[in-house]
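Colleague: Below: one structure in C-alpha cells.
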Amino acid sequence: MVSKRYDLEDDTVSKIHAIKKAKGLKSEKEVLVQAIEQFALSEMIEHESAEYKMLDKMNTIKNEIEQMKKKMNHIDHCVSVNSLLLTADFEIKKHPKAIVNRDIFESDYYTSARKEITKLIRERDSFRRKGQSKNIEDTLEQNNDDGLIMENEKKSDKIDDDWLNV
C-alpha cells in the first residue's frame, strides 16, 4: 500500500476532530477508516451487491446464534431447576439414599424419581376419570325413564388403563 500525504481544508480537519471527540476514537486515522467503511457499506446497500447480501446474512446468523445461546442457557437453567423440584418432591416422600448431584440425577435415582412421579400422576388421573364416569352414570340413571341401563353402555364408558401403573 502506498501512503500519500493529503492536504485537507480546515473545515474538513475540524469535522474529523469533532467526530474523533464525539466517538471517543484514538486517532484521526480511525475516523477516516470508519468513514471509508461507512461509505463502502452505503454503496453496497445502494446497489444491493452480493457482498452486502452476504454481510446481512452473516449478521442475521450471528444474531440467531446469540439468541440460541441465550435460550440454551435459559433451558439448561430451567431443566436443572425442574429436576431439583422433582427430586425435592420425591425426597419428601422417600428418604434419599445418597447425596444428590448431577451424576446421580442421570442414573437410577433420577429414573426412579421420575417413575414415582409419573405413577402418582397416572393414579391421580385415573381417580379423576373414575369420578367423572361415576358422575356420568348417575346422570344417566336420573335421565333414564325405566331405570334400566344397558351393561354394554356401562362397559364402553369406562376406560381401563391401570396397566400403565408400573
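The values are calculated or read from the model by the stated rules, or taken from the named source; none is laboratory data. Keep in mind it's a predicted model, so treat the numbers as computed, not measured. As a convention, Cβ positions derive from the backbone with ideal geometry for all residues, glycine included, and neighbour counts pool all protein chains shown.
Colleague: I need every pair where a residue in the range 111-124 that is on the phi < 0 side of the Ramachandran plot has its Cβ under 8 Å from the Cβ of a residue that is exposed (fewer than 15 other Cβ atoms within 10 Å of the Cβ) and assigned to a helix (DSSP H, G or I), sequence separation at least 6 or different chains.
Modeller: E116/K93; I117/D89; R122/L164
Colleague: Right, next: Against the definition (more than 40 Å from the chain's Cα centre (by Cα) and either modelled with pLDDT under 85 or of a type in the set (F, W, Y) (or both)), how does S3 come out, yes or no?
Modeller: Yes, satisfied.
Colleague: Look through the range 51-69, keep the residues that are of a type in the set (D, E) and closer than 19 Å to L41 by Cα, and return whichever of them is modelled with the lowest pLDDT.
Modeller: The extreme case among them is E51.
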